[in-house]
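Have a look at the structure below before the remarks.
The values are calculated or read from the model by the stated rules, or taken from the named source; none is laboratory data. On a predicted model such as this, the values are computed, not experimentally measured, just so you know. Every residue, glycine among them, receives a Cβ derived from its backbone with ideal geometry; neighbour counts consider all protein chains shown.
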Amino acid sequence: MWTDLKIVHGKPRHSQSQGSVECANQDIENMLSTWLENNQTNKWSEGLRFIQFAKNRAYHSGIKCSPYEAMFGVPAKIGLRTSSLPDDVLENISTEEDLEELVKQIEENQSGPDSVEHEDAEVDEPNELLLAQIPEQPSVNEPNAIPEEPASNEITERRDSVAIERAHAKEGLEEQAKKMLKTSNVRFPPGNVVDTVKLRVPDVDRARNDCRNVLAVIMCVQKELYRLGTKEGRLPQMYSRTQFLLCKESFISLEMVPNLHSSLSEYVK
């Protein structure tokens, strides 16, 4: 259905690669817990729409606006729907009878006169509210001009607003990505061949008494991915530099790595 959609799978047994998704899920869980406590209920599915709307209208530091504004080009609206009547007309309404009289007057103006008077007869001044709803006619100097419909103008303005908001959101995300890359480069500097690294063993690959980390050596670097080797042999998968820590001293050399393939689970046993 979505030809432009690209699904990128995270690494197995490495939930840190879905950090952004996990953070968003954690926020939703916390918001849902608060909503359930405030409303004294355990029906979490009923609160999803409120949590979704609160999440979509919250300010996002990356895109410099709310997700709702980036999608629709306008801030999210809550509360009563605004009226199309002029403010000066609404100020004069204080009772239900005033409202009924106003509705009756509008209906009479929209229905028009029942009969046509003589062309010399006196004509009442048109109602200002009715004139506001009549589109402007083309001028005499431009006989071929076509009046632009208000609905078309509104759609065009909305499209322009959406395009501007999405352009700002894209710039904000690019700026945030540069900051994250800079922070990552400082925290996880690139390694070189023969450098010793400390590699964490996933919880699923070790028992309670097994070691949590192993020492390995960088054997080669391919497109910012690292091939590591241990005293038991070469590790089958490639690692990114965010998955290990560089050691200041050299504890293992390339000559100490046998020409065998072994997994982390075999090393820690």
Just wondering, is there one or more residues in region 222-229 that are closer than 30 Å to G62 by Cα, among the hydrophobic types (A, V, I, L, M, F, W, C) and touching a helix residue (DSSP H, G or I) at 6+ places or on another chain (Cβ under 6 Å)? no
Can you name the residue in region 230-269 that is of a type in the set (S, T, Y) and in a helix (DSSP H, G or I) and, of all such residues, is farthest from D195 (Cα to Cα)? S265
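For (1) more than 21 Å from P258 (Cβ to Cβ); (2) in a loop (DSSP other than H, G, I, E, B), each residue gets a yes or a no:
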site: K179; (1), (2): yes, no
site: K182; (1), (2): yes, no
site: P189; (1), (2): yes, yes
site: V194; (1), (2): no, yes
site: L199; (1), (2): no, no
site: V204; (1), (2): yes, no
site: R208; (1), (2): yes, yes
site: I218; (1), (2): no, no
site: L228; (1), (2): no, no
Residue list for region 181-201, filter: out of contact with any Ser or Thr (no Cβ under 9 Å at 6 or more places or on another chain) and in contact (Cβ under 8 Å) with a residue 12 or more places away in the chain: P189, P190, G191, N192, V193, V197, K198, R200
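Give me a count of the residues in region 169-223 that are of a type in the set (V, I, T) and surrounded by fewer than 15 Cβ atoms within 10 Å (Cβ to Cβ).
Number satisfying all stated conditions: 5.
Give the residue that is surrounded by the fewest Cβ atoms within 10 Å (Cβ to Cβ), with candidates limited to residues of region 224-268 that are without any contact (Cβ under 8 Å) to a residue 24 or more places away in the chain and hydrophobic (A, V, I, L, M, F, W, C).
Checking each candidate, the answer is L225.
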Residues S94, S83: which one is of a type outside the set (K, R), in a loop (DSSP other than H, G, I, E, B) and either modelled with pLDDT of 70 or more or in contact with a Pro (Cβ under 7 Å, 6 or more places away or on another chain) (or both)? S94
